[in-house]
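Trainee: I have a structure I would like to understand better, so I am pasting it below and will then ask my questions one at a time.
The values are calculated or read from the model by the stated rules, or taken from the named source; none is laboratory data. Predicted model only: the values in this text are computed from it and were never measured. When the accessible area is computed, the model is the full protein with side chains, heavy atoms only, and any ligands, DNA or RNA have been set aside. Shrake-Rupley method; radii C 1.70, N 1.55, O 1.52, S 1.80 Å.
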Amino acid sequence: MILRKIAIAVGVVSLAATYAFAQDPIQTRQAAMKSVGGAAKQAGGMLKGEKPYDAEVALAALTKMNEVASVFADYFPEGSETGGETTVSPKIWEDMAGFQAAVAKFEADTAAAVAAAPADLDAFKAAFGAVGANCGTCHKAYRVSKN
């Protein structure tokens with residue numbers, strides 16, 4: 001049942017993202033990162049012991065991250081470097097191959113974590129370690145600090 005809901009949600013998100021991207025890639029990538037942030041918050045609550053471990057919630061969080069990772073690099077077309085309120089670094093367009101490689105690694109790591117379907121907190125910690133490391137690496141290299 002949960003997988004069916006996830007599949008439906010993926011379809012809806014994909015259609016919405018396609019439409020939104022056609023309208024504004026900056027807003028689309030910001031919405032995508034907000035959804036990743038929400039998934040990370042769910043994961044973080046369990047990892048920190050603030051919430052009890054729930055395998056379905058963990059899998060849904062990892063799945064959301066993987067869905068975004070699979071299309072995220074597409075949201076950075078030429079000409080979307082500026083405009084709107086964006087914190088992306090010009091380094092993305094200066095090193096598009098490196099950025100795409102970073103996103104591909106995030107996609108591969110989230111796919112591996114989804115495939116592992118962590119059944120308990122220890123397995124989730126192990127699976128999420130690589131996923132979380134990707135976030136920090138990419139943010140340091142390809143995002144302007146908000147400070």
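Trainee: Could you tell me whether Ala32 is at pLDDT 95 or above and open to solvent by 40 Å² or more (accessible area, probe 1.4 Å)?
Mentor: Values: at pLDDT 95 or above: yes; open to solvent by 40 Å² or more (accessible area, probe 1.4 Å): no.
Answer is no for this residue.
Trainee: Test Ala43 against the stated conditions and say whether it is modelled with pLDDT under 95 and not acidic (Asp, Glu). Show your work before the answer.
Mentor: Details: modelled with pLDDT under 95: no; not acidic (Asp, Glu): yes.
Taking the combined requirement at face value, the residue does not satisfy it.
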